[in-house]
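The values are calculated or read from the model by the stated rules, or taken from the named source; none is laboratory data. Since this is a predicted model, take the numbers as computed values, not measurements. Virtual Cβ from ideal backbone geometry, glycine too; neighbours counted across all protein chains shown. The area values use the complete protein model at the heavy-atom level, side chains included, leaving out ligands, DNA and RNA. Shrake-Rupley method; radii C 1.70, N 1.55, O 1.52, S 1.80 Å.
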Amino acid sequence: MEAFTTHTGRAVPLRRSDVDTDQIIPSDWLKRIERTGFGAGLFSEWRADPSFVLNDPRYAGASILVAGPDFGTGSSREHAVWALQDYGFRAVISPRIADIFRGNALGNGLLPVVLPAETVETLMAAAEADPATEITIDLGAREVRGAGVVAAFEIDDFTRWRLMEGLDDVGLTLRHADGIAAFERNRPSWLPRVLTP
Amino acid sequence: MGRTLAEKVWDAHVVRRADNEPDLLYIDLHLVHEVTSPQAFEALRLAGRPVRRPDLTIATEDHNVPTTDTLAPIADPISRAQVEALRRNCADFGVRLHPMNDPGQGIVHIVGPQLGLTQPGMTIVCGDSHTATHGAFGALAFGIGTSQVEHVLATQTLPQRRPKTMAINVEGALPAGVTAKDLILAIIAQIGTGGGQGYVVEYRGEAIRALSMEGRMTVCNMSIEAGARAGLIAPDETTFEFLRGRPHAPTGADWDAAVAYWRTLATDEDAVFDREVSIDATALTPFATWGTNPGQGAPLGSSVPDPASIADPNARAAAERALAYMGLAPGTPLRDVTVDTVFIGSCTNGRLSDLRAAAEILRGRKVADGVRVLVVPGSMQVKAEAEAEGLDEVFRGAGAEWRSAGCSMCLGMNPDTLRPGERSASTSNRNFEGRQGQGGRTHLVSPEVAAATAVTGRLTAPADL
Ligand code: SF4
C-alpha cells in the first residue's frame, strides 16, 4: 500500500449526494478478477454524458474528489476504491462517507476525509469557480488547506500511523497469531464448522 | 451498566484490545462468493499464506450465474472466468464450494441460514453488504471489502472499531396485509439512507417479535440501505425453532448448552443505546419506492412527491434527479405507474415464504399482457421445496417465468437485466440508477405487491385486486 503523508492536488467538484458504489463502478466491471484497470469504468454511465464534470478537460489530472453527503453508499465492492485510485484520485472529501466504503478506502490508502457540510461547500465552490484551485491534505496535521480554508478532520492515531507508514492490515494482525490461537482454544465446541472438501 | 445484544456479541469476540487501536475481532463464519473474492485469494497466493480456517469458510456461486440453461457453460466469458476462478481458488485453498447445479447452491445469504450455519451470537462476515441478513438470528453480521476478505481468509479475524448502537423500536402490530418489506422500506424512508451510518441497529418491539425468521431476515437484510452495516434482532423461541434440526445446528447436550447461551444474549433492561428511533407499526400500509435510492419511498396509496416541497436542498436535488431518471412526474399516483417487468427473488425476498406469498396472489390469475415476470428462488433448496409444493406450476400457469437460483435481476450481472427505459417492480433491495440494467427503472416492493402488480401491470397492492 502506498503511504499517505501530505498530498497537494487539484479537486474535481462532484455536486451530488448519495453517490452510490453502483455509480462509482457499475456491476459489469465487477466480473474482472484483476485488481487493476478499473479507472476506465469509474462513473462510466455518467461519463457517457459530455457535460459530466470528469469529462471537463480543465479537471484532467485532478487528484482529490469533493462530493456531496453520503458518498460511497451501497454495495461493499472494493472495486469502487480501486477505480478511484486507478483514475488518479488520492482522497475523497465529503460531509458524510459510507462505512464500508470508508473501510475499503483506508485499506487501500485512498484517504476518506469527512468535513462539515459548509466547509465542503466552500471547497466545492472554489473548485467549480477555478479548476486550478489546489487543496492540500496534510494527514500528519489532520488538516485540509486551500481555497482560504484551514479545516481539521478526524482520524484516529492508529489508522493515521498505518496510512503514513503504508502498512497493510494482514501483516499487522499476524503479529498477534498467538492471541488468535489462544482465542480459538476457548471457543465453544458446538459452534458450527463447515465440512471441508 | 447493562449491555446491548450487539455489545455482548462484540465483547465475546475480542481477541485483542489495545488503547487507540481497533479491536481485533474473531470471525465465526466467513461466507464467500465469486465477485469479491478473486483478488483476495490472489493476494494470499502471492504472499504464500493459507486460509487459516477453511472449516469456518463456505463459498457459493450466486451473482453471475445464469438462471436458465444452467447445465450449459456460462455464455458470458468474463462471468465464466470469474466463476472458474472461484472454483480454482476453493480447490487450491480447501474451501467448501456449492457450485451451480449443486443442491446447496444459492444466494450466499440464503445458504447460511438454510444450512443452520447462521446461529445467534456469532460474528459473520462476507464480501457483500447484505450480510446483515444474518443479524436476524442475533448474530453480528456485516459486509466487508475485498482487502478484508483477504484479511479474514488469512487470520480469521478483523480489526474493527466498536460501532455505536441504535434501537429501532417498532411499536404496535403490523396491520393485516403489511409485510416485513413494507416495514423496512418505511423505516429507511423515515431515517434516510445515511440514518444508520456508524451504528449497529437492533430492531425491537412487538411487530419485530411477531415476525417469522424469514420476515426478520428481510428487515435485517436492508439495514445497509439505511446506512447501517449491521442490524440484528434478539434470538427467541422463533429463532430456536427455525434452527432446530438444521444440518449445522447443535444437537443433544450441545443444543441445550447453545440455547442456554443464546438466551443470555438479549439486551439488558438497563442497557443504553446511543440513539433510539420509534416507528408506529399500526400506521403502516404497503410501500413502494419512487426514486433512485431506497430512502425515496412512500405508501403505495400516495403519489410521487413534488421535489419543490422538500426543504433540504440536497434531498431536493436528489429527488429532482431521481424523477428525471425514473421518468416520473410529481403528483402521479403510485398506483398509476405501469411496469414492464416484475422481479420476485433476491436475498431480501427470495425465500420459500416469499414465493408462497406471491404464488397465493397469482393462483388462478393471469399476468397482465406485455408484462414479463421473473420468479427466481434464492437457492436450489428453495427451488426444490417450492416445486414440491407445486408453486412453480402456479407461477407458470399465471404466465410467469420460473427460473433457477441466483442473484439474477437484483443486480443484473447475469443475463437477467432491464433494458434502457424499462421499469420494474422488484422485491430486491436497491433501486439505484442502472442497478438492474443500464437505464432500467426500479420500484422496490414486497413479494405481495410484486405479484399483484404482475396481474394489473400497474403498482398494485393485493387488497386492490
Ligand atoms: S441478491 Fe442482490 S443484494 Fe443479495 S447478494 Fe445477490 S446481488 Fe447482492
Within straight-line cross-link reach of B:Lys8, lysines at Cα separation under 19 Å, skipping those fewer than 8 residues along the same chain
B:Lys164
Could you sort B:Trp402, B:Trp262 by accessible area so the largest value comes first, with the probe set to 1.4 Å?
B:Trp402, B:Trp262
For the protein assembly as shown, shape from the Cα gyration tensor axes a ≥ b ≥ c, cut at a/c of 1.5 then a/b versus b/c, turns out rounded
Which value at 222 nm does chain B reach when only helices count, each DSSP H run of 4 or more adding -39,500 (n - 2.57), with the total divided by all residues and rounded to the nearest 500 deg cm²/dmol?
-9500 deg cm²/dmol
Once amide H atoms are built 1.01 Å from N in the peptide plane, which residues 5 or more positions from B:Glu276, or in another chain, come under 5 Å H to H?
B:Ala167
Dipole in debye (nearest 20) - segment B:333-441, about Cα centre, beta carbon charges: Lys, Arg +1; Asp, Glu -1:
220 debye
Average beta-carbon neighbours from other chains, 10 Å sphere, peptide A:98-106:
6
Pop out the ³J(HN,Hα) list for segment A:166-180 in order, Karplus 6.51 cos²θ - 1.76 cosθ + 1.60 with θ = phi - 60°, rounded to Hz; leave Gly and Pro as x.
x, 8, 9, 5, 4, x, 5, 5, 5, 5, 9, 4, 5, x, 5
For chain B, with all protein chains present and a 1.4 Å probe, just round the carbon and sulfur fraction of the accessible area to a whole percent.
50 percent
Student exercise, the protein assembly as shown dipole from Lys, Arg, Asp, Glu Cβ charges, in Debye to nearest 20
720 debye
Sequence gap at least 6, Cα distance under 8 Å: using those rules, report the relative contact order of chain B to the nearest whole percent.
17 percent
Using alpha carbon centroids, what distance separates segment B:57-126 and segment B:1-26, in Å?
30 Å
What number comes out for accessible area per residue over the protein assembly as shown if the probe is 1.4 Å? Units Å², please.
34 Å²
Find which of B:Thr456, B:Ser424, B:Gln381 sits farthest along the positive direction of the dipole of segment B:366-465, computed with +1 on the beta-carbon of Lys and Arg, -1 on that of Asp and Glu, about the Cα centre.
B:Ser424
Express in Å², to the nearest 10, the accessible area of B:Glu150 obtained by rolling a 1.4 Å probe over the protein heavy atoms while all chains stay in place.
20 Å²
The local net charge around A:Gly146, scoring Lys/Arg +1 and Asp/Glu -1 for residues other than A:Gly146 whose Cβ lies under 12 Å from its Cβ, equals -2
Could you order B:Tyr325, B:Tyr261, B:Tyr26 by accessible surface area, starting with the largest, using a probe radius of 1.4 Å?
B:Tyr261, B:Tyr325, B:Tyr26
Any idea how far the Cα center of segment A:3-54 sits from the one of segment B:356-388, in Å?
38 Å
For chain A, what does -39500 (n - 2.57) per DSSP helix run (n ≥ 4), summed and divided by total residues, give at 222 nm, in deg cm²/dmol to the nearest 500?
-8500 deg cm²/dmol
To the nearest 100 Å², how much accessible surface do chains B and A hide from each other in total, with a 1.4 Å probe?
5600 Å²
Under the Karplus curve 6.51 cos²θ - 1.76 cosθ + 1.60, θ = phi - 60°, whole-Hz ³J(HN,Hα) for segment B:318-325, x wherever Gly or Pro sits
5, 5, 4, 4, 4, 5, 5, 5
Can you list the residues of segment B:180-217 that have at least 10 square angstrom less accessible area with all protein chains present than in their chain by itself, probe 1.4 Å?
B:Thr193, B:Gly194, B:Gln197, B:Gly198
